[in-house]
Amino acid sequence: MTIYSSYDVRIPTHEFNKTLTDTTKKYREAVAFFISVRLQDNALFTELKNQHEQLRKMELLTNRTKSNPDPKYDFGLNFYKFPSYLRRAAIAEALGKVASYESNLSLWAKNRHGKKPGKPVAGYVYPALYRDNTYIRMDEYHAQVKVWVRNTWDWITVPLRKTDVFYIRKHCLGRKECVPTLRKRHNYWVLSFSFEEKVKLTDIPLEEQIILSVDLGINSACACSAMRSDGTILGRKFLNLPKEEDSLTHALNKIKKAQQHGAMRAPRLWAKAKGINDQISVRTAQFIVDTAILYSAFTIVFEHLDTKGKKKGSKSKRQRIQHWRAQYVQSVVADKAHRLGIRISRVNAWNTSRLAFDGSGEVIRGKEAGFKTNAMCKFRNGKTYNCDLNASYNIGARYFIREILKSLPATSRLRIEANDPQCRKRSTSTYSTLINLCAELHAAA
């Protein structure tokens, strides 16, 4: 598989701020020009399904050449000496925006739900700097960029910071460097480099697989369980970050106090809270990957979480769910794991924490069970257990149940589902369901 990553190389000097702003403005004007041409001559493009054909048609309509001396829309009148690669990038951007607009408009026309999509505009697009045409790397710490300066397109030399060069040399040496994009981050400009690398994921038989099932908690960072296909638990790992959690709570309380005194925005306080939240997410992701390496895991299994919609519960609980960055943690883990050849899988999240892993039914947790915290739960048979660890068992079991049933012939699968109906519905499967399934397969063999 192919993995893409990016790194922003900051342009340290501010002397080119106006020049780079004018260049981006000129590029956006070009995108707006091609959008207007595409909308005016819509009939000429509807029959062309291939984007390459649409690009050639757009150049035929707008670009004056020796073989095309009289185009319908002369792009060169208002865009003098516009670089050819940059022009084609603007055309591709415009065609993509119009295609998205037409798709959204057709969907809206079917059900007439919501507001009608507005016509596409250039928006906040940034130019890609293609090698030799608009970007040349002079040496290790300097690069040349073609920009709009002094009412013409000319080259300027921009310095590259040593820290950025060292980082790319250390972490991105074996990756393919793609063309950079000129972007503005806050009040400074960067060259955003994309890197491409190809990795090969491991592939071993199901009976030899070791997985790491992960339950991302709201009260604690995560609970991990290393598991085999027969249900054998090889190890358990917990991560608690009390210092970071207290810092986040303190930062959120500061925001609440500032809002009570009329400061509804408080950007500095929100930036601090976001930084703490990011640190919690990154440390959690690194812990999960390190645990997967420790147990030689073939796959890291998460819940398929959907945190959209209205949050229920007390105000403090809703606030915790709102700042819970489970999707970001899974994304970081996926990037790190794929580079190591480890696969990522997700299972149905329904009832993983609610059902006891031993098959005794729903658990009682928190104050209902007589505990001061929601981290512990009580089973119907009186057993007490950690909630996150219980959920991690069920998560791993659901992965193996799905993979085992998928590999069986239809007759065997239907017979097993008839004997054990919990195998049929993944939202009610637990760790005990996997044990029963393995016993059924062993008896059949």
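The values are calculated or read from the model by the stated rules, or taken from the named source; none is laboratory data. None of the values given here were measured: they were computed from a predicted structure. Glycine gets a Cβ as well: all are built from the backbone with ideal geometry, and neighbour counts include every protein chain shown. Ligands, DNA and RNA are stripped out before the accessible areas are found, and what is left, the full protein with its side chains, is counted by its heavy atoms. Shrake-Rupley method; radii C 1.70, N 1.55, O 1.52, S 1.80 Å.
Go through the residues of the stretch 304-325 one by one and say whether even a single one is at pLDDT 95 or above, within 16 Å of the chain's Cα centre (by Cα), closer than 24 Å to LEU212 by Cα and assigned to a strand (DSSP E or B).
Looking through the stretch 304-325, none of the residues is at pLDDT 95 or above, within 16 Å of the chain's Cα centre (by Cα), closer than 24 Å to LEU212 by Cα and assigned to a strand (DSSP E or B).
For LYS367, are the conditions met, namely being in a helix (DSSP H, G or I), free of Cβ contacts under 8 Å to residues at least 60 places away in the same chain and over 16 Å from ASN436 (Cβ atoms)?
So LYS367 passes the test.
Check TYR73 against each of (1) in a loop (DSSP other than H, G, I, E, B); (2) exposed (fewer than 15 other Cβ atoms within 10 Å of the Cβ); (3) aromatic (Phe, Trp, Tyr) and name the one condition it does not meet.
(2)
Which of the following residues is at pLDDT 95 or above and open to solvent by 60 Å² or more (accessible area, probe 1.4 Å): GLU53, GLU29, GLU47, GLU15? Walk me through how you get there before you give the answer.
On the way: GLU53 fails: at pLDDT 95 or above; GLU47 fails: at pLDDT 95 or above; GLU15 fails: at pLDDT 95 or above.
Going through GLU53, GLU29, GLU47, GLU15 in turn, just one is at pLDDT 95 or above and open to solvent by 60 Å² or more (accessible area, probe 1.4 Å): GLU29.
Identify all residues within the stretch 118-155 that are among the β-branched types (Val, Ile, Thr), assigned to a strand (DSSP E or B) and open to solvent by 50 Å² or more (accessible area, probe 1.4 Å); write none if there are none. Break it down stepwise before answering.
Going through the stretch 118-155, the residues among the β-branched types (Val, Ile, Thr) turn out to be 121, 125, 134, 136, 145, 147, 149, 152.
Then drop every residue that is not assigned to a strand (DSSP E or B), which leaves 136, 145, 147, 149, 152.
Listed by number, the list holds a single entry, ILE136.
Does TYR167 satisfy the criteria of being outside any helix (DSSP H, G or I), touching a residue at least 60 places away in the same chain (Cβ under 8 Å) and open to solvent by 40 Å² or more (accessible area, probe 1.4 Å)?
Judged against the criteria, TYR167 is not a match.
Go through (1) under 30 Å from ASP388 (Cβ atoms); (2) touching a Phe, Trp or Tyr at 6+ places or on another chain (Cβ under 6 Å) and name the single condition GLU208 misses.
Evaluating GLU208 over (1) under 30 Å from ASP388 (Cβ atoms); (2) touching a Phe, Trp or Tyr at 6+ places or on another chain (Cβ under 6 Å) leaves (2) as the failure.
Do we have any residue at all in the stretch 107-117 that's part of a strand (DSSP E or B), aliphatic (A, V, I, L, M) and over 30 Å from the mean Cα position of the chain (by Cα)?
So far as the stretch 107-117 goes, no, none of its residues is part of a strand (DSSP E or B), aliphatic (A, V, I, L, M) and over 30 Å from the mean Cα position of the chain (by Cα).
Any idea how many residues of the stretch 1-36 are assigned to a strand (DSSP E or B) and more than 13 Å from ARG183 (Cβ to Cβ)?
Total satisfying the criteria: 4.
Report the residue count in the stretch 378-404 for those that are without any contact (Cβ under 8 Å) to a residue 24 or more places away in the chain and open to solvent by less than 10 Å² (accessible area, probe 1.4 Å).
The number of residues fulfilling the criteria is 1.
Is there any pair with a first residue in the stretch 229-249 that is closer than 22 Å to LEU294 by Cβ and a second that is among the acidic types (Asp, Glu) and at pLDDT below 95 whose Cβ atoms are under 7 Å apart and which are 6 or more apart or on different chains, and what are they?
SER229/GLU207
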